[in-house]
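Trainee: Mind having a look at this structure? Questions to follow.
Just so it is clear, none of the values below were taken in a lab; they were calculated from the coordinates. As the structure is a computational prediction, the values presented were derived from the model and not from experiment. Here the Cβ positions follow ideal geometry from the backbone for every residue, glycine too, while neighbour counts run over all protein chains shown.
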Amino acid sequence: MKLDFCVVGPQRTSTTWIYETLLKGGRVNLPIKVKETFFFDQKFKKGYSYYYNLFNNINPNLITGEIAPTYFHQNEVVERIYSHNPSCKVIIIYRDPVEKAISLYKHHYRKGRVGKDIEQAIKKYPEIIEAGKYKDLCNTWEEKFGKQNVKIMNYKKLVLNPQFYLDEITDFLELDKQILSESDTRLINEATTPRFPFLAKIFSTGASTLRKYDLHGLSSFGKKIGLTKIYSGGSSKKDYTEEKKWLNNMFQPEDFLF
């Protein structure tokens with residue numbers, strides 16, 4: 001088995017929607033046991049036999065891919081995937097770096113991992129900023145795999161026209177067109193605020209521990225039966241105006257030009 005394509009993110013660009021849509025379409029092999037394997041960044045030492053085991057019932061007539069939004073900003077991942085398959089097709093999703101940073105901060109806040117101070121959150125999770133440095137990061141992927149094998153998508157196109165967005169993906173991967181149903185067009189995982197931050201932290205820590213020990217089934221089961229709804233689903237009227245002004249200075253002008 002080899003990885004024919006990888007959607008490398010970054011986070012908060014509706015990669016879950018891409019995963020579920022491609023999985024439903026049945027035109028590609030994807031990990032079944034878990035959406036994100038974290039293999040090429042966090043679990044590489046486990047070896048390829050571990051990685052291949054995450055893909056159930058591989059169809060040799062289909063291309064194989066992974067949706068991995070934590071890969072984008074990590075140089076060692078670029079090298080590892082290239083060593084695995086130099087011809088791997090890479091999909092990068094551009095989202096306004098400031099909007100994406102706020103969304104990722106809110107994601108961690110919803111999970112109870114950080115408090116209300118966004119600067120402290122960035123110290124704990126530098127990728128809130130680092131994964132938004134599109135100019136340098138896109139250049140890294142393109143220089144390694146070649147521009148012909150790297151597709152940079154725009155998140156706004158997904159919001160405006162999901163079918164057109166999916167068509168771009170399937171065209172790049174040389175797949176037959178997949179028609180979306182009305183229910184397929186809803187976006188997934190827009191950040192909310194936790195109703196009970198203490199419970200959010202407990203559940204988030206527990207889920208991370210289960211994934212650490214490869215108990216993906218238990219973690220997924222918890223989501224399916226609605227455990228996350230116990231603590232999530234709150235709303236916030238905060239518009240983060242001051243934070244956005246501050247965050248804007250953290251990026252190069254070229255990071256906004258995709």
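Trainee: With charges only on Cβ, +1 for K and R and -1 for D and E, what is the dipole size of region 44-117 about its Cα centre, in debye, rounded to 20?
Mentor: 320 debye
Trainee: Another question about this same structure. Would you mind calculating the gained length between residue 147 and residue 20 on full extension (0.36 nm times residue separation, minus the Cα-Cα distance), in nm to one decimal?
Mentor: On the way: separation 127, 0.36 × 127 = 45.72 nm, distance 2.66 nm.
The residue 147-residue 20 span can extend by a further 43.1 nm.
Trainee: Restricting the calculation to Cα positions, tell me the Rg (one decimal) and the Dmax (whole number) of region 130-180 in Å.
Mentor: 12.9, 35
Trainee: Net charge near residue 67, counting Lys/Arg +1 and Asp/Glu -1 over other residues with Cβ under 10 Å of its Cβ?
Mentor: That works out to -2.
Trainee: Continuing with the same structure: Please list, or write none, the aspartates and glutamates whose alpha carbon is within less than 15 Å of the alpha carbon of residue 177, excluding same-chain residues fewer than 8 places away.
Mentor: Hits, sequence-local ones excluded: 167, 168.
Trainee: While we're looking at this one, here's another question. Considering only Cα-Cα distances, which of the following residue pairs are longer than 25 Å: 33/106; 33/135; 2/151?
Mentor: Over 25 Å Cα-Cα: 33/106; 33/135.
Trainee: Add +1 for every Lys or Arg and -1 for every Asp or Glu among the other residues with Cβ under 12 Å from the Cβ of residue 93, and state the total. All intermediate terms of the calculation are to be shown ahead of the outcome.
Mentor: Values: positive: 12, 95, 100, 151, 156, 157; negative: 96, 168.
In short, +4.
Trainee: May I ask for the net charge around residue 148, where only other residues with Cβ less than 10 Å from the Cβ of residue 148 are counted and Lys, Arg are +1 while Asp, Glu are -1?
Mentor: Net charge in that neighbourhood comes out at +2.
Trainee: Let me ask something additional. Once both labels are modelled 7 Å past Cα along the beta-carbon direction, what's the residue 61-residue 46 spacing in nm?
Mentor: My value for the distance between the label points is 3.1 nm.
Trainee: Next question, about the same structure. Which order do the peptides 242-249, 154-161, 1-8 take when ranked by the mean count of other beta-carbon atoms within 10 Å per residue, highest first?
Mentor: 1-8, 154-161, 242-249
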